[in-house]
1. Determine the calculated [θ] at 222 nm for the chain from helices alone, applying -39500 (n - 2.57) to every DSSP H run no shorter than 4 residues and normalising by the residue count; nearest 500 deg cm²/dmol.
2. Note down the net charge around residue 19, summing +1 for each Lys or Arg and -1 for each Asp or Glu among other residues with Cβ under 12 Å from its Cβ.
3. Between 58, 100, 11, whose Cα lies farthest towards the positive end of the dipole of region 3-143 when Lys and Arg beta carbons carry +1 and Asp and Glu beta carbons carry -1, centred on the Cα centre?
4. All other residues with a Cβ under 9 Å from the Cβ of residue 112 taken together, and with Lys, Arg as +1 and Asp, Glu as -1, what is their net charge?
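FYI, it's all coordinate maths here, none of it is from the lab. Here the structure is a predicted model, which is why all the values come from computation and not from measurement. For neighbour counting, all protein chains shown are included, and Cβ atoms are generated from backbone atoms with ideal geometry for every residue, glycine included.
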Amino acid sequence: MTDFAIALLLSRLAHWLGDYGLQNGWMAFGKLRRSLPAVVHGVAYGLSYVATSYAFEWLGLWKEVAGLAQTAVYLRTPGLVVAIALTHLLVDRFAVASLWYRAYNGYLATPSDELEPWQRSVCLSIDQGIHRWCDTIFIVLFWS
């Protein structure tokens, strides 16, 4: 496995930790209405990259996989963490996935909370895709 593939795998683990493990109801429901919950969630999301990096180092898992130590340290590069946290904050705060879905399908005048449950599920999938796309782009940009 290449170092870049390891970086993407670790970023996926960090994403799960930050977007699901460290996000409580106050953040999840408040980030669309107020900036403070969105900022707290964005910071927690960025710190999930740092935590994932250190966890692999502390647990000694980097010894098992060649290249993991250097890759884990890379994931806590300050510029990368700030870029990932900031884009995550903006995508969540301004409901970019919902806006895109509603604009693309002609529902722009319909508020997000009036969408059918299946439409909200589609928006969640789009949201996760946007986050992964942004994270991957920043990993590529900061890699070189």
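1. On the way: 7 runs with 103 residues, N = 144.
Only helices count here, giving -23500 deg cm²/dmol.
2. Working: positive: 12, 31, 132; negative: 92, 127, 135.
Net charge around residue 19: 0.
3. The one lying farthest along the dipole's positive direction is 100.
4. 0
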